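Asker: Here's a structure for you.
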Amino acid sequence: MDPRQLFADERLRGMCVYCGVAPDSRDHCPSKVLLDEPLPPNLPVVEACKHCNNSFSLDEQYLACLIEAVTCGSAKVNDTSRLNIKRILEGTPALATRLENSKRLDESGNLIWDVELDRVRRVVLKLARGHIAHELSLPKIEEADTVSFIPLILMSEEQRLAFESPASGSHELWPEIGSRAFIRAAKGLTNHGSEQWNEVQPDRYRYLVGQSDGDFVRFVLSEYLACYVVWH
């Protein structure tokens, strides 16, 4: 059985996975700006409309540059290490200045960043919609019940264990028949039913999609930002 030849319900296809209108383009999920070159082969692709495909670009650039700035302690071009982030900051000096001006020291002298949370949330929800549509053939146009994100280092040991562990147990549901997750599970590619971490690029991006706790998506950006989205 070839995962490229899906046989999911056709009524769940033929729409932009982000807004539900007729698609007239395709979008990489995860977005290429979140990865390093050379890009991995066979990046997941979802159906999208051109409006959605373009409307997230600035927010995705912001998030990618924010994570690099936070991990490097600076948004100055010469202080960053990722080549694609250097190119973005060089080409958009206003973004570099905006990020650099968003850092400050707290009362204890610790470096903190004033994050534009709405922009991060939009990207996190967009990525979650793309992943769940790609893996489970389930378009999730409605608002999610939970959209959360937190640096891995701020998680407690218990939180980290729960986040990292694929759900298991009798309550786990089989995914949509014909979806990629269904085919993986049917071929016995995981010991946790249909739920497993998919590593898109080592140390840069991985995600997990499942249905044991509602319809959920977990993913990690640059082994720094842990994201969780769920629809009940």
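The values are calculated or read from the model by the stated rules, or taken from the named source; none is laboratory data. Just so you know, these numbers come straight off a predicted model, no measurement behind them. Quick reminder, even Gly has a Cβ in these numbers, built from the backbone with ideal geometry, and neighbours come from all protein chains shown. For the accessible areas, the whole protein counts, side chains as well, though only heavy atoms, and no ligand, DNA or RNA atoms are used. Shrake-Rupley method; radii C 1.70, N 1.55, O 1.52, S 1.80 Å.
Asker: Let a ≥ b ≥ c be the square roots of the eigenvalues of the Cα gyration tensor of segment 14-97; is it rounded (a/c under 1.5), or, if not, prolate (a/b larger than b/c) or oblate?
Answerer: Values: a/c = 3.11, a/b = 1.99, b/c = 1.56.
Taking the square roots of the gyration eigenvalues as a ≥ b ≥ c, segment 14-97 is prolate.
Asker: For segment 58-174, rounded, prolate or oblate, judged on the Cα gyration tensor with a ≥ b ≥ c (square roots of eigenvalues), a/c < 1.5 rounded, else prolate if a/b > b/c? Write out the running numbers ahead of the final one.
Answerer: Values: a/c = 2.43, a/b = 1.61, b/c = 1.51.
Prolate, because a/c is 1.5 or more and a/b exceeds b/c.
Asker: Report, ordered by chain and residue number, the aspartates and glutamates lying within cross-link reach of Lys50, taken as a straight Cα distance under 17 Å and ignoring same-chain residues fewer than 8 apart.
Answerer: Reachable aspartates and glutamates: Asp24, Asp27, Asp59, Glu60.
Asker: Enumerate the amide H contacts of Tyr205 below 5 Å, restricted to partners 5 or more residues apart or on another chain; note that Pro and chain-start residues carry no placed amide H.
Answerer: Val200, Ser222
Asker: Pro202: net charge of surrounding residues, Cβ under 15 Å, Lys/Arg +1, Asp/Glu -1, itself excluded?
Answerer: Numbers: positive: Arg82, Arg204, Arg206; negative: Asp36, Glu37, Glu199, Asp203, Glu223.
That works out to -2.
Asker: Roughly how many Å² is the accessible area per residue of segment 1-131, as a whole number, for a 1.4 Å probe? If you can, show how the numbers build up before the last one.
Answerer: Working: 7170 Å² over 131 residues.
Per residue, segment 1-131 has an accessible area of 55 Å².
Asker: Take peptides 68-76, 124-132, 206-214 and line them up by average Cβ neighbours within 10 Å, highest first, as a rough protection proxy.
Answerer: On the way: 68-76: 18.1, 124-132: 24.7, 206-214: 20.4.
Packing proxy ranking, top to bottom: 124-132, 206-214, 68-76.
Asker: Shifting gears a bit: Order of 217-230, 77-90, 150-163 by packing, highest average Cβ count within 10 Å first?
Answerer: Details: 217-230: 20.8, 77-90: 15.9, 150-163: 11.6.
Answer by packing, highest mean first, reads 217-230, 77-90, 150-163.
Asker: A further question follows. Stretched out fully, how many nm does the piece from Glu37 to Ile141 gain, at 0.36 nm a residue minus the Cα gap?
Answerer: Values: separation 104, 0.36 × 104 = 37.44 nm, distance 3.10 nm.
Result: 34.3 nm gained on full extension.
Asker: So, one more: Among the listed pairs Lys103/Lys126; Lys103/Lys140; Lys32/Lys103, which are separated by more than 29 Å between their Cα atoms? Walk me through the numbers on the way to the answer.
Answerer: Details: Lys103/Lys126 26 Å; Lys103/Lys140 35 Å; Lys32/Lys103 26 Å.
Listed pairs above 29 Å: Lys103/Lys140.
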